[in-house]
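The structure appears right after this line, and notes come after that.
Values quoted throughout were computed directly from the atomic coordinates according to the rules given, and no laboratory measurement underlies them. Keep in mind it's a predicted model, so treat the numbers as computed, not measured.
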Amino acid sequence: MSNEHVPDFTVAGAEGFAPEAAAEVTRFGAQADLAGVQALKLSVCVGASYNPQTQQICFQIPIYGNFCVKLPIAIPVGASLKVCAQTCGSIIPTGLKATIYVNGSVVKTIVLFGLC
């Protein structure tokens, strides 16, 4: 597993286009249906919401569905939340890795599922 953060693609851009403590991960919805897929690489940044009562950051990754990550730290009210995710593997994804950003700073990098 790689310890590298997923870059903030809204700042750094992504290949092919220009820029315009322990955690628990909960996943909602169906597994990604990759039947018949011959190649897939996903690099995405999405907004997120935070529930201070549960300390969970929730977000939706296109194709893969909804995730919630519980962190052992509190996030300030009104903070800017962003999650950038990237598939791992070469042609067919072997996993999905994400980095959580709060006000532009890395808070946590996690493997949401599979191997990275």
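Taken one residue at a time, the phi angles of segment 87-94 give Karplus couplings (6.51, -1.76, 1.60, θ = phi - 60°) of 6, 10, x, 9, 8, 9, x, 9 Hz. Gly and Pro are set to x.
Summarising the amide proton neighbourhood of residue 56: residues at separation of 5 or more, or on other chains, whose placed amide H is nearer than 5 Å comprise 51. Applying the Karplus relation 6.51 cos²θ - 1.76 cosθ + 1.60 with θ = phi - 60° to segment 70-83 yields 3J(HN,Hα) values of 9, 10, x, 10, 8, 9, x, 4, x, 5, 7, 10, 8, 10 Hz, where x marks Gly and Pro.
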